[in-house]
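The values are calculated or read from the model by the stated rules, or taken from the named source; none is laboratory data. This structure is a prediction, so every number in the text was calculated from the model and none was measured. Glycine also receives a Cβ, built like all others from the backbone with ideal geometry; neighbour counts cover every protein chain displayed. What goes into the accessible areas is simple: the full protein's heavy atoms, side chains included, and nothing from ligands, DNA or RNA. Shrake-Rupley method; radii C 1.70, N 1.55, O 1.52, S 1.80 Å.
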Amino acid sequence: MREIGHFIGGKEAKGTSGRFGDVFNPNTGEVAAKVALAGKSEVEKAIANAQAAFPGWAATNPQRRARVMFKFLELIQSEYDDLARLLSSEHGKTFPDSKGDIQRGLEVVEFACGIPHLMKGEFSEGAGPGIDLYSIRQPLGVVAGITPFNFPAMIPLWKCAPAIACGNAFILKPSERDPSVPMRIAELFVKAGLPEGVLNVVNGDKAAVDTLLTDARVKAIGFVGSSSIAEYIYATGTAHRKRVQCFGGAKNHMVVMPDADMDQAVDALIGAGYGSAGERCMAVSVAVPVGKKTADTLMQKLIPRVESLKIGPSTDQQADYGPMVTRELLDKVRGYIDTGVKEGAKLVVDGRDFKLQGYENGNFIGGCLFDEVKPEMKIYREEIFGPVLSVVRAKDYEEAVRLPSEHEYGNGVAIFTRDGDTARDFTSRVQVGMVGVNFAIPVPLAYHSFGGWKRSGFGDLNQHGPDSIRFYTKTKTVTARWPSGTKEGAEFVIPTMR
Ligand code: NAD
């Protein structure tokens with residue numbers, strides 16, 4: 001059985017804790033590999049390696065750091081397809097979707113290539129007599145990223161690329177469910193010229209995370225995953241005086257106005273609701289048609305589309321989506337559908353019993369569609385994270401603005417309309433971090449920042465884009481007077497510029 005260890009000090013390191021986790025093939029349900037679950041001493045070894053590598057890397061000029069990023073982009077091209085296949089084999093998403101996962105990560109590496117420009121400070125000449133005032137950005141030191149299973153290339157790259165480009169040393173703790181791609185990313189960075197110890201990967205679970213959270217040498221933590229863990233990491237990390245940003249779960253609504261292009265809205269709901277088996281934090285899980293006529297037309301068009309979704313193994317390039325990552329998550333999703341039925345929602349398409357011929361033990365589930373879901377129901381309040389779309393019928397526009405605004409999650413939201421006034425009012429008033437107008441998955445591009453509101457985001461700064469440079473650096477402000485020989489005598493009053 002293949003064994004996946006850690007990546008410490010520029011090379012693979014075997015797990016020594018004696019604990020291992022299973023990595024499954026989601027198509028068959030079989031165990032495909034064993035992943036080491038790091039104990040305290042392994043994480044401490046990674047921290048020590050990062051600590052030792054930090055001063056040299058921080059002192060490397062930003063253009064040289066950028067060159068490592070450029071080289072990494074070049075190297076990854078030659079094995080793009082292999083990496084996407086590896087990703088599919090552990091996650092279950094289709095090959096084209098895995099390529100998208102890698103691509104969205106590479107776009108942040110491209111952004112990080114601009115680090116000489118991004119880290120430029122500010123300078124005020126002549127702020128006083130012979131006085132210049134300037135601010136510079138400096139890296140924090142050893143920083144860590146804890147990432148979820150659902151984007152095993154994109155999110156590790158969102159975390160490590162800006163952090164490293166800023167001159168930090170990084171420890172990645174990827175999801176134990178699909179650890180192979182993050183390991184390969186670290187190897188490629190070293191091949192691209194990154195000094196050993198600047199990027200380390202420790203595989204593991206809570207034990208590894210807790211060591212990162214409490215060790216004083218780790219200066220900042222970036223987390224992406226479910227909201228309950230995000231809250232725990234935010235509280236524990238900040239209590240240990242770290243800079244922390246945590247991105248949590250979601251319940252993304254898509255409002256469909258009566259004047260929307262209905263075919264475009266249905267296409268959007270199908271792609272954003274069921275792509276990647278709904279295992280995306282920006283998946284649309286709630287459709288909000290406004291008015292009875294809109295709702296009836298939408299349902300009429302939606303039902304046959306959900307019924308005809310093509311579900312296949314992750315190797316099937318024609319499949320709309322593949323299996324869920326684990327049997328555990330599949331059972332959880334099925335449980336939510338049972339709950340929805342008990343709560344009185346109308347299950348108009350039931351994919352619970354779907355079986356894929358030849359893959360009877362795989363983690364497959366058919367598309368599910370609920371109508372007449374009410375805000376008090378558990379299936380509306382909680383994140384399901386599966387191919388399940390809930391339709392909540394809104395009587396008017398005001399109710400459609402209120403629903404996502406009052407939901408405890410606030411990651412993404414979309415409105416489909418042809419009316420500019422409505423779109424503008426909605427984008428201004430809705431209490432959600434990322435908004436799409438006739439665009440179902442409004443994930444900002446790499447040079448803007450990504451982050452949700454309410455229980456979808458904890459901390460002040462978002463990920464990638466300009467916020468990532470702010471998060472991974474601290475500002476130092478210098479007041480300098482030349483010539484240094486100026487003699488004014490002792491001043492007992494606070495210096496002012498009158
Ligand atoms: P998860 O919370 O189970 O795991 C995330 C990370 O936390 C993993 O590395 C895991 O090993 C670690 N972890 C798990 N339990 C822990 C514990 N008790 N203590 C410390 N660390 C622990 O999330 P997941 O199932 O891997 O990913 C799916 C979730 O991530 C969904 O809720 C999804 O919405 C969310 N997500 C959010 C975003 C975003 O940007 N807001 C992006 C992607 C995914």
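By accessible area, using a 1.4 Å probe on protein heavy atoms only, region 395-498 has 53% of its surface on carbon and sulfur. For Glu408, no residue whose modelled amide H falls within less than 5 Å of its own remains once neighbours fewer than 5 places apart on the same chain are excluded. Annotation: the antiparallel percentage among DSSP beta bridges lying fully within region 248-404 is about 20. If you plug each phi of region 383-393 into the Karplus form 6.51 cos²θ - 1.76 cosθ + 1.60 with θ = phi - 60°, what whole-Hz ³J(HN,Hα) values come out, in order, with x for Gly and Pro? Listing the rounded values in order: 7, 8, 6, x, x, 10, 10, 9, 9, 10, 7 Hz.
Probing with 1.4 Å while keeping every protein chain in the model, the per residue accessible area of region 1-157 equals 43 Å².
Extension gain, Gln300 to Arg85, is 73.7 nm, computed as 0.36 nm per intervening residue step minus the present C-alpha separation.
Applying the Karplus relation 6.51 cos²θ - 1.76 cosθ + 1.60 with θ = phi - 60° to region 11-22 yields 3J(HN,Hα) values of 8, 5, 10, 5, x, 10, 6, x, 9, 9, x, 8 Hz, where x marks Gly and Pro. Length available on full extension from Glu360 to Tyr447: 0.36 nm per residue minus the Cα-Cα distance, which gives 27.0 nm. Accessible surface for Val325 stands near 0 Å², nearest 10, in the context of the full protein assembly shown (1.4 Å probe). Each Lys and Arg adds +1 at its Cβ and each Asp and Glu adds -1 at its Cβ; summed about the Cα centre, region 376-489 shows a dipole of about 580 debye. If R0 is taken as 22 Å, the Cβ-Cβ distance between Glu3 and Arg64 corresponds to a FRET efficiency of 0.05.
Between Lys476 and Ala235, the simple label model (points 7 Å from Cα in the Cβ direction) yields a spacing of 3.6 nm.
Net charge dipole, the chain: roughly 1420 debye, given to the nearest 20, about the Cα centre with Cβ charges of +1 for Lys and Arg and -1 for Asp and Glu. Rolling a 1.4 angstrom probe over the protein heavy atoms with all chains in place gives region 322-446 an accessible area of 44 Å² per residue.
Pairs of Lys residues in region 44-146 that lie 8 or more places apart, or on two chains, and have C-alpha atoms under 29 angstrom apart add up to 4. With the highest mean first, a sort of the peptides 42-50, 165-173, 357-365 on other beta-carbon atoms found within 10 angstrom per residue produces 165-173, 42-50, 357-365.
The HN-Hα couplings worked out from phi for region 457-467 by the Karplus form 6.51 cos²θ - 1.76 cosθ + 1.60 (θ = phi - 60°) are x, 10, x, 8, 10, 8, 9, 6, x, x, 4 Hz, whole numbers, x standing for Gly and Pro.
If R0 is taken as 35 Å, the Cβ-Cβ distance between Thr16 and Ser78 corresponds to a FRET efficiency of 0.60. For Asp350 and Asp263, what does the FRET efficiency come to when R0 = 22 Å and r is the distance between their Cβ atoms, rounded to the nearest 0.05? It comes to 0.35.
Distant-in-sequence amide contacts of Ala33, defined by a placed amide H-H separation under 5 Å and a gap of 5 or more residues or a different chain, comprise Val23.
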